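*Asks:* Take this structure, written in C-alpha cells, and hold onto it; I'll ask about it next.
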Amino acid sequence: MRTDLTVNGQSRTIEADPRTTLLDALRHHLKLTGTKKGCDHGQCGACTVIVGGRRINSCLSLACMHDGDEILTIEGIGTPEALSALQEAFIRHDGFQCGFCTPGQICSATAMLEEIQAGWPSHVTPDVAGTPALTVEEVSERMSGNLCRCSAYPNIVDAIMEIAGRGRA
C-alpha cells in the first residue's frame, strides 16, 4: 500500500503492507532509527512521535492511517550539530542514563509543553476551566506514559521545567 507522509518536513512515500505500524515504517522503511521499539504494546512510550502536533505511540498506529499527515520524530527536533533547547537541557540535567527512552521522552515533552501552553488540563489540573500551572505534579502526570528503566525521572522533570520556564522547547 502506498502511503505519503511528511516526516520532519520532508515528503516521503512508502510502499508497505497495510498492517505495518508507523513505528516500523519509520525505522525500517525510512531508516529513522531514533524512534525506539520498546514494549510494542503502547505501554512504555519509547516509540513516541508527534503527528499533527499531538504525541502518539507509533507502535499502536498503522502507517497507512497517516497518509498525508505531518510527523515529527526525534531526528526532526534536533541534530547532534544543532540540538533543541530541550535536548540541551536533558544533557545539562543528566535526563538520561542509557538513553534508550530519551527520544520518546523528548518527543513527548515537546508536545506536552505545547499542550500546557494551549491550556489543556490533565488529570491533576485543579481547575479545568483555568490555565494549567506548570508544576512538578503536572509535568509528572503528563509524562507518565513515558517510562525510564534507569529512573532518571527527577532529572527529566528538571530539564522540562527549565525549558518551560523559558517558554521554548
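The values are calculated or read from the model by the stated rules, or taken from the named source; none is laboratory data. Predicted model only: the values in this text are computed from it and were never measured. When we count neighbours, we look across all protein chains shown, and the Cβ atoms used for this are built from the backbone with ideal geometry, even at glycine. All accessible areas refer to the heavy atoms of the entire protein, side chains included, with ligands and DNA or RNA removed. Shrake-Rupley method; radii C 1.70, N 1.55, O 1.52, S 1.80 Å.
*Asks:* Return one number: the angle in degrees, 0 to 90 and rounded to the nearest 10, between the long axis of the Cα atoms of helix 102-117 and the longest principal axis of the Cα atoms of the chain.
*Replies:* Result, in degrees: 60.
*Asks:* Using a cut-off of 14 Å between beta-carbons, work out the net charge of the residues near residue 99 (Lys and Arg +1, Asp and Glu -1, residue 99 not included).
*Replies:* +1
*Asks:* Right, next: Which whole-number percent gives the relative contact order of region 1-41, counting Cα pairs below 8 Å spaced six or more residues apart?
*Replies:* 26
*Asks:* While we're here: For the chain, what % of the accessible area comes from carbon and sulfur atoms, probe 1.4 Å?
*Replies:* Details: 4470 of 8630 Å².
That fraction is 52 percent.
*Asks:* Quick check: the distance between the Cα centres of region 126-169 and region 37-51, to the nearest angstrom?
*Replies:* Value for the Cα centre distance between the two parts: 18 Å.
*Asks:* For region 14-106, which trypsin sites (Lys or Arg not before Pro) pass both filters: DSSP loop (anything but H, G, I, E, B) and at most 11 other C-beta atoms within 10 Å?
*Replies:* Passing both the DSSP loop test and the Cβ count: 19, 31.
*Asks:* Just reorder 128, 51 by solvent-accessible area, largest first, 1.4 Å probe, all chains present.
*Replies:* 128, 51
*Asks:* On a 0 to 90° scale, report how tilted helix 153-166 is relative to the longest principal axis of the chain, with both axes built from alpha carbons and the result rounded to the nearest 10.
*Replies:* Taking the Cα atoms of the chain, the angle to 153-166 is about 80 degrees.
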